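The values are calculated or read from the model by the stated rules, or taken from the named source; none is laboratory data. None of these values were measured; they are calculated from a predicted model. Cβ coordinates were reconstructed from backbone atoms using ideal geometry, including for glycine residues, and neighbour counts include every protein chain displayed.
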Amino acid sequence: MKKRGLIILLSLIIVILFFYNRDMRKSLNLQKEQQGFNRQRILQQDELNNLLKSDILTHQNQIAQLEEEKLALSDQIEILGSEIIADNHIFNSIMNYVLDDGNIPKIETFNRNLFVDSTQLDMDRNELYKVIKKDSILSLSPSPLSLAVRRVDDDYLVRVLEKQRIEHGDYKSDWYYIELMYMDSKTDIRGWILVKHIDDYTPVAQKTVVNIKTKKNAVVYNTTVFDNIEETPGIVYPLSKNARILSRKDGYVLLFGTDETYFWVHEDDLDYLDTYN
């Protein structure tokens, strides 16, 4: 009887252990499934974070590109505005000459005979290079009533080719025939300008001239944004580039090339003219 009771007890324990192990396996399987689900959610979240980071980087690049385009457009607007001003200035300059306190003969008396009363003047060696000291008009001939060739900004470096004095009655003025330096165009870079609108080219003036050329093998950074220089690969340009200085910052210079490109170079890569007055 005791033996039978022991057998029943053992059978009961075995049944209990069976169901306990079964429940434990189910619980472990559920935990593994939950862990797998959690890992999948973490991977999905990582993918989502990477996509968001990529979108943020793309938007930052787009913003930087828009800033560059904004700066380029601002420069173009400035250039177009200058051209509009030049058109107005051409007309106003003629009128100002004519109405300058009666110093210029009236239009009806200021005729072709003016050119008969012109005298070529000798030039000193220190007159070879000059700097335009105020916005001026290059004229087709040494006359305040001449047709204009183009407008020229102040601080332009020029080469003097000839000097003349014109006289008509009480009117007398000296004129330089000049050539704008570091220009690719050959059609509108020469003209006449009043000597009084010209300054000497000195070491001080050298640092203020706006037309310049780069040295050969200069490192060029093709960006308009100064803060992007470190991220922009420098390109060694084997030839000199003619350009106009737009701004300076921390030893670098932003240039607008005669090929209508914007780029930065280090100031050491500028090829300054060292022939002074």
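In the range 173-189, the residue that is nearest to V209 (Cα to Cα) out of those that are touching a residue at least 60 places away in the same chain (Cβ under 8 Å) and hydroxyl-bearing (S, T, Y) is Y182. The set of residues in the range 123-141 being in contact with a helix residue (DSSP H, G or I) (Cβ under 8 Å, 6 or more places away or on another chain) and either closer than 13 Å to R190 by Cα or surrounded by 15 or more Cβ atoms within 10 Å (Cβ to Cβ) (or both) consists of V131, I132, K133, D135, S136, I137, S141.
Evaluation of V204 against the conditions (1) assigned to a loop (DSSP other than H, G, I, E, B); (2) without any contact (Cβ under 8 Å) to a residue 24 or more places away in the chain; (3) farther than 26 Å from A72 by Cβ shows that the sole unmet condition is (1).
For the range 45-54, the criterion of being part of a helix (DSSP H, G or I), surrounded by 10 or more Cβ atoms within 10 Å (Cβ to Cβ) and at pLDDT below 75 is met by none of the residues. Can you name the residue in the range 144-184 that is assigned to a loop (DSSP other than H, G, I, E, B) and closer than 19 Å to Y129 by Cα and is also modelled with the lowest pLDDT among such residues? This residue is D184.
Any residue at all in the range 109-122 that's modelled with pLDDT of 85 or more, surrounded by 12 or more Cβ atoms within 10 Å (Cβ to Cβ) and more than 22 Å from the chain's Cα centre (by Cα)? Scanning the range 109-122, I find no residue that is modelled with pLDDT of 85 or more, surrounded by 12 or more Cβ atoms within 10 Å (Cβ to Cβ) and more than 22 Å from the chain's Cα centre (by Cα), so the answer is no.
The residues of the range 233-275 that are β-branched (V, I, T) and under 21 Å from V131 (Cβ atoms), listed by number, are I245, V253, T258, T275. Among the residues of the range 148-172, those that are within 32 Å of the chain's Cα centre (by Cα) and among the aliphatic types (A, V, I, L, M) comprise A148, V149, V152, L157, V158, V160, L161. The set of residues from the range 250-263 being farther than 13 Å from I212 by Cα and surrounded by 12 or more Cβ atoms within 10 Å (Cβ to Cβ) comprises Y252, T261, Y262, F263.
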